[in-house]
Amino acid sequence: MTNQELIDALREAEAVKFGEFELSHGGTSEYYVDKYLFETDARCLEAIADAFAQRVDDETLGGVALGGVPLAATTSVAAGVPYVIARKQRKEYGTGNLIEGRLEDGDEVVVLEDIVTTGTSLVDAVEALREAGATVERALVVVDREEGGRENVEDAGVEMESLVTASELLADADR
């Protein structure tokens with residue numbers, strides 16, 4: 001699927017909304033990319049998984065909870081590689097793990113994330129994975145909002161590649 005086809009799929013899933021929106025980091029925006037709409041749309045999810053699968057080798061995938069989990073699961077199937085889940089905080093019950101799934105010391109992990117604005121969630125996941133013994137040097141994201149997240153992720157020593165940027169997604173969009 002081409003970049004434009006992915007943009008079209010995101011738009012057809014009505015995942016791009018216009019108005020006044022508060023973002024998780026506390027800022028506001030005139031547009032919102034609804035990850036729950038594109039991650040629950042079979043066409044979008046398959047296109048994203050296929051695009052991510054083309055960009056990984058034998059690395060383990062790391063899904064950032066919550067939005068990165070369906071991306072990691074579907075990409076895992078498409079690429080035939082394992083995945084783990086990086087939680088935002090430890091559970092107070094069960095195993096209390098911050099990283100769920102099988103992860104060995106030294107495993108190379110490519111982190112998958114849905115949308116990057118400031119990059120905080122992605123960097124937190126990278127740090128948790130590294131503390132658990134993983135080697136993390138790359139991240140794949142669906143949408144880079146181009147609001148400083150890439151720079152923050154790269155400051156953490158991680159190369160970030162996005163399937164789509166906000167500029168591409170919003171160009172010629174019906175508002």
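Remark: pairs (first residue in segment 154-175, within 20 Å of Leu71 (Cβ to Cβ); second residue assigned to a loop (DSSP other than H, G, I, E, B) and charged (D, E, K, R); Cβ separation under 6 Å; 6+ apart in sequence or on different chains) = Thr165/Glu146; Ala166/Arg145; Ala166/Glu146. Only one of the numbered conditions (1) crowded, with 16+ Cβ neighbours inside 10 Å; (2) at pLDDT below 95; (3) on the phi > 0 side of the Ramachandran plot is violated by Ser29, and that is (3).
Looking across segment 10-30, the residues that are more than 16 Å from Thr118 (Cβ to Cβ) and either among the aromatic types (Phe, Trp, Tyr) or in contact with a Phe, Trp or Tyr (Cβ under 8 Å, 6 or more places away or on another chain) (or both) come down to Leu10, Ala13, Ala15, Val16, Lys17, Phe18, Gly19, Glu30. Please indicate, with yes or no, whether at least one residue in segment 33-47 is touching a residue at least 40 places away in the same chain (Cβ under 8 Å), farther than 21 Å from Met160 by Cβ, basic (Lys, Arg) and not in a loop (DSSP other than H, G, I, E, B). The answer is no; no qualifying residue exists. The residue of segment 49-77 that is farthest from the chain's Cα centre (by Cα), among those that are among the aliphatic types (A, V, I, L, M) and over 16 Å from Glu100 (Cα atoms), is Val77. Only strands (runs of 3 or more DSSP E) whose full extent lies in segment 102-167 are considered here, and the ones with at least 1 residues that are more than 14 Å from the chain's Cα centre (by Cα) and farther than 25 Å from Tyr36 by Cα are 108-116, 135-144. Please indicate, with yes or no, whether at least one residue in segment 78-93 is closer than 20 Å to Val143 by Cα, under 14 Å from the mean Cα position of the chain (by Cα) and free of Cβ contacts under 8 Å to residues at least 24 places away in the same chain. Within segment 78-93, one or more residues are closer than 20 Å to Val143 by Cα, under 14 Å from the mean Cα position of the chain (by Cα) and free of Cβ contacts under 8 Å to residues at least 24 places away in the same chain. Among the residues of segment 2-18, the one identified as closer than 12 Å to Asp34 by Cβ, under 16 Å from the mean Cα position of the chain (by Cα) and touching a residue at least 60 places away in the same chain (Cβ under 8 Å) is Leu10. Looking at the structure I just gave you, is Glu92 acidic (Asp, Glu) and modelled with pLDDT of 95 or more? When the stated conditions are applied, Glu92 does not pass them. What single numbered condition from (1) crowded, with 20+ Cβ neighbours inside 10 Å; (2) within 30 Å of Arg11 (Cα to Cα); (3) of a type outside the set (Phe, Trp, Tyr) fails to hold for Thr118? Going through (1) crowded, with 20+ Cβ neighbours inside 10 Å; (2) within 30 Å of Arg11 (Cα to Cα); (3) of a type outside the set (Phe, Trp, Tyr) one by one, Thr118 breaks only (1). The criterion of being among the aromatic types (Phe, Trp, Tyr) and without any contact (Cβ under 8 Å) to a residue 12 or more places away in the chain holds for Phe21.
Suppose the filter is charged (D, E, K, R), modelled with pLDDT of 95 or more, surrounded by fewer than 17 Cβ atoms within 10 Å (Cβ to Cβ) and under 23 Å from Asp50 (Cα atoms); does Glu151 pass it? So Glu151 fails the test.
Gly106 falls short of the stated requirement of being crowded, with 21+ Cβ neighbours inside 10 Å and on the phi > 0 side of the Ramachandran plot. For beta carbons closer than 7 Å, sequence separation of 6+ or different chains, a first residue in segment 135-151 that is at positive phi and a second that is surrounded by fewer than 23 Cβ atoms within 10 Å (Cβ to Cβ) and not aliphatic (A, V, I, L, M), the qualifying pairs are Glu146/Thr165; Glu146/Ser167; Gly148/Thr118.
The values are calculated or read from the model by the stated rules, or taken from the named source; none is laboratory data. It should be emphasised that the depicted structure is a prediction, and the values quoted were computed from it without experimental measurement. Backbone-built Cβ (ideal geometry, glycine too); neighbour counts: all protein chains shown.
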